[in-house]
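Before any comments, here is the structure.
We did not get these values from a lab; they are worked out from the coordinates using the rules stated. Just so we're clear, the structure is a prediction, and the values are computed from it rather than from any experiment. Note: ideal-geometry Cβ built from the backbone for every residue, glycine included; neighbour counts use all protein chains shown.
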Amino acid sequence: MAAVRVVLVGEDPLARGGLHAQLEGQEGVLLAGHTELEHLALALEQGRPEALVWDLGVDPQEALGRAAEMARANVPFVVLLDDDELAGDAVASGASGVLGRDAGPTQIAAAAVAAARGLVVLAAELASAAVPRPSGAAPADPLTDRELQVLGLLAEGLSNKQIAGRLGISEHTAKFHVNAILGKLGVQSRTEAVVRAARLGLLML
């Protein structure tokens, strides 16, 4: 399987350089550059990444305030942070992965590859902060058995086509079920659906 092209994002050039040195040569990833968030568009054009690794730096709360810029890139991204309490905010911002800044290069590389494959990755020590269970009210319109099946496959990172193949239904029907799940859970994206469902105890990550 071809290596996943990864661009590193962060405001501190020294931190980016150190991260680049750690990840260079790691199995499964091909580093395609590193950039400040301000120059992300150019890095996307030049590097054509399949995943981003975003070091939130020493002021992660301020960095997360710019998460919309990352989300607009339409490339899955893994967040590296120091503050465990911001793990949930990072996931809510659209992050496909959340790791501590002290994560090892193998762990970071694996998370980037998983994110590129459509999976949601949470470091074990951050999972309870990012996905507290159970909390919140259950959806007013409960998920059907079929929707719960589809939800489980969403958590595996499967596309509508793959879900259809797994369940023996049409891709159109799979899409219908996914949209129904998003509506019932009151979320906008598949990642948010998985996180919201986990918080409600509908599935375990």
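Counting only alpha carbon atoms, the long axis of helix 145-155 and the longest principal axis of the chain meet at about 10°. Name the shape class, rounded, prolate or oblate, that the alpha-carbon gyration tensor gives for segment 21-88, where a ≥ b ≥ c are the square roots of its eigenvalues, rounded holds for a/c under 1.5, and otherwise prolate holds if a/b is larger than b/c and oblate otherwise. Because a/c hits 1.5 or more and a/b fails to exceed b/c, segment 21-88 counts as oblate.
Most exposed first by the Cβ proxy, i.e. fewest other Cβ within 10 Å, how do Arg166, Arg5 rank? Walk me through the numbers on the way to the answer.
Details: Arg166 15, Arg5 18.
Least to most surrounded, the residues fall as Arg166, Arg5.
Against the 2.2 N^0.38 Å scaling, with N counting residues, where does the chain land? I'd like the Cα-based Rg ratio to two decimal places. Don't skip to the end; give the middle numbers.
Working: Rg = 17.2 Å, N = 205, 2.2 N^0.38 = 16.6 Å.
Output field value: 1.03.
Determine the percent antiparallel among the DSSP beta bridges restricted to the chain, to the nearest 5. Antiparallel: roughly 0 percent of the beta bridges in the chain. Suppose each label sits 7 Å from its Cα in the direction of the beta carbon; what would the Ala21-Thr144 distance come out to in nanometres? So the two model labels end up 5.7 nm from each other. The charge dipole of segment 4-130, taken about its Cα centre with unit charges on the Cβ of Lys, Arg, Asp and Glu (plus for the first two, minus for the last two), comes to roughly 620 debye. In the chain, taking the dipole from charged Cβ atoms about the Cα centre, the farthest positive-side position among His172, Thr35, Val150 is held by His172.
Counting only alpha carbon atoms, the long axis of helix 105-116 and the longest principal axis of the chain meet at about 50°.
Suppose only helical runs count, i.e. DSSP H with n ≥ 4. What mean residue ellipticity at 222 nm does that imply for the chain under -39500 (n - 2.57) per run, divided by all residues and rounded to the nearest 500 deg cm²/dmol?
-13500 deg cm²/dmol
Between 0 and 90 degrees, the angle of helix 13-23 with respect to the longest Cα principal axis of the chain falls at about 70 degrees. Between Phe176 and His39, the modelled label-to-label distance comes to 5.0 nm, taking each label 7 Å out from Cα in the direction of the beta carbon.
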